[in-house]
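Remarks on the structure that follows.
The values are calculated or read from the model by the stated rules, or taken from the named source; none is laboratory data. These numbers were taken from a predicted model, which means no experiment stands behind them. No Cβ is skipped: glycine too gets one built from the backbone with ideal geometry, and neighbour counts run over all protein chains shown.
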Amino acid sequence: MLARPLAFFFFFAFPIAVFGQNTLAAAPPMGWNSWNHFAERVNDATIRDTADALVSTGLRDAGYVYLNIDDTWEGQRGAQGFIHPNSKFPDMKALADYVHSKGLKLGIYSSPGPKTCAGYEGSLGHEEQDAETYAKWGIDYLKYDWCQRPPSSVDEMKAAYTKMHNALVKTGRPIVLSLCQYGWNKVWEWGPSVGGNLWRTTGDISDRYAVMAEIGFGQNGLERFAGPGHWNDPDMLEVGNGGMTEDEYRTHFSLWSILAAPLIAGNDLTRMTPYTVAILTNREVIAVDQDPLGKQGFRVAQEGPFEVWMKPMSDGSKIVGLFNRQRTTEQMTASFDQIGIRGEATVRDLWLKKDLGVFNKSYSAYVPPHGVVLVRIKEK
């Protein structure tokens, strides 16, 4: 997130032989982050309650294992320069132990600048000390947020992220590194070379369809930069925060899954409707995101507000999303020629969890306003 008042609120082919960088985030990370819903209100109790909710709601068993504390946890540095949490987090090691006891992993937040986006202590000049501290606490994930001015050069930004990556490596603890810098300097071209497992490609998301759609549909063309261990990140999920309709949230989750994007929930997990739980725990849609082939999907056809997206899967099937960006229900068609399927194919609706039968040459469906029909198509 860019600096702003709190009231308003990250391989191609660069192998990195550390912890097996490609295996550290072999699939897009799944979990939860505190910022979207709690912002500066996050505290120890919030994280413990969320850990409990990840288990009780079935989200952990569906794959959501990273529980990430965002900005505003930071306190002061001691005389030797080591960071301490503020009064909201009285014992970070004990908190990490609690999270780990639930079969979860704990994430944390910092900035390569002197201050974070919310004005708390950043890591500039203390990279090794902070990495050492995170490792001692038992941290598993670091969101590293470029909160200062835009860099004067790509080299400046690369050097800052490389410095923290090297510091994390030195600890000997496997810690996922999430680069949060809004897609500046075409980060997808160099993110893996500085040790990034994922990198933000856009500005901040918000809980509005127009913003979500602009970010999500704008990812087309970046698919060649994503793969196991290195993912494009169009920002966190807003599912369940209340600003979109059920169809719009289904579009949000479907599109992020086709994009092989990190699935980082950002709602209050202790107060979810059954519909929100059903979206976030749909195993068939999650499997699209987590497919071991690690291919990011892309747009194969567009006619005005109607977009057809496709994601190749490891079993040879194709995931197809029919996205209607218009405000009226419309019939849409996916041509099998567009997705590399010849002749007959079986079709399964992933939201209805229902086999629809055998189709020849194309598949058509009525798609609700701002909605999606998400299907798996497999050649016979």
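Okay, residues lined up against (1) of a type in the set (Phe, Trp, Tyr); (2) touching a Leu at 6+ places or on another chain (Cβ under 7 Å); (3) closer than 14 Å to residue 258 by Cβ:
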{"site": "283", "(1), (2), (3)": "no, no, no"}
{"site": "287", "(1), (2), (3)": "no, no, yes"}
{"site": "298", "(1), (2), (3)": "yes, no, yes"}
{"site": "302", "(1), (2), (3)": "no, no, no"}
{"site": "305", "(1), (2), (3)": "no, no, no"}
{"site": "308", "(1), (2), (3)": "no, yes, yes"}
{"site": "312", "(1), (2), (3)": "no, yes, yes"}
{"site": "326", "(1), (2), (3)": "no, no, no"}
- Kindly check whether there is at least one residue in region 254-268 that is crowded, with 24+ Cβ neighbours inside 10 Å, out of contact with any His (no Cβ under 7 Å at 6 or more places or on another chain) and at positive phi. yes
- Just one of 118, 131, 159 is part of a loop (DSSP other than H, G, I, E, B), in the same structural domain as residue 53 (by TED's automatic domain parsing) and over 25 Å from residue 52 (Cα atoms); which is it? 118
- Can you pull out the residues in region 95-115 that are buried (at least 19 other Cβ atoms within 10 Å of the Cβ) and assigned to a helix (DSSP H, G or I)? 95, 96, 99
- Query: When you go through (1) part of a helix (DSSP H, G or I); (2) farther than 19 Å from residue 215 by Cβ one by one for residue 288, which number turns out not to apply?
  - Reply: (2)
- Message: Any residue at all in region 337-344 that's under 26 Å from the mean Cα position of the chain (by Cα), under 16 Å from residue 319 (Cβ atoms) and in a loop (DSSP other than H, G, I, E, B)?
- Response: no
- How many of the residues making up region 169-192 are in contact with a Ser or Thr (Cβ under 8 Å, 6 or more places away or on another chain) and of a type in the set (Ser, Thr, Tyr)? 1
- Message: Which numbered condition in (1) in contact with a helix residue (DSSP H, G or I) (Cβ under 7 Å, 6 or more places away or on another chain); (2) surrounded by fewer than 17 Cβ atoms within 10 Å (Cβ to Cβ) is the only one that residue 343 fails?
- Response: (1)
- Query: Does residue 208 count as closer than 15 Å to residue 111 by Cβ and not assigned by TED's automatic domain parsing to the domain that holds residue 325?
  - Reply: no
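Answer with yes or no whether residue 88 is surrounded by fewer than 23 Cβ atoms within 10 Å (Cβ to Cβ) and part of a loop (DSSP other than H, G, I, E, B).
Taking the combined requirement at face value, the residue satisfies it.
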- Note on the structure: Screening 378, 354 for residues that are of a type in the set (Lys, Arg), at pLDDT 95 or above and surrounded by 13 or more Cβ atoms within 10 Å (Cβ to Cβ) leaves only 378
- Selected residue (criterion: modelled with the lowest pLDDT) from residues of region 163-219 that are aromatic (Phe, Trp, Tyr) and outside any loop (DSSP other than H, G, I, E, B): 184
- Task: Considering each residue of region 151-204, count those that are of a type in the set (Asp, Glu) and in contact with a helix residue (DSSP H, G or I) (Cβ under 8 Å, 6 or more places away or on another chain), and give that number.
- Result: 1
- Do you know which of the residues in region 49-94 that are more than 30 Å from residue 278 (Cβ to Cβ) and of a type in the set (A, V, I, L, M, F, W, C) is farthest from the chain's Cα centre (by Cα)? 79
- Query: Can you name the condition, by its number, that residue 289 falls short on among (1) out of contact with any helix residue (DSSP H, G or I) (no Cβ under 6 Å at 6 or more places or on another chain); (2) within 21 Å of residue 348 (Cα to Cα)?
  - Reply: (1)
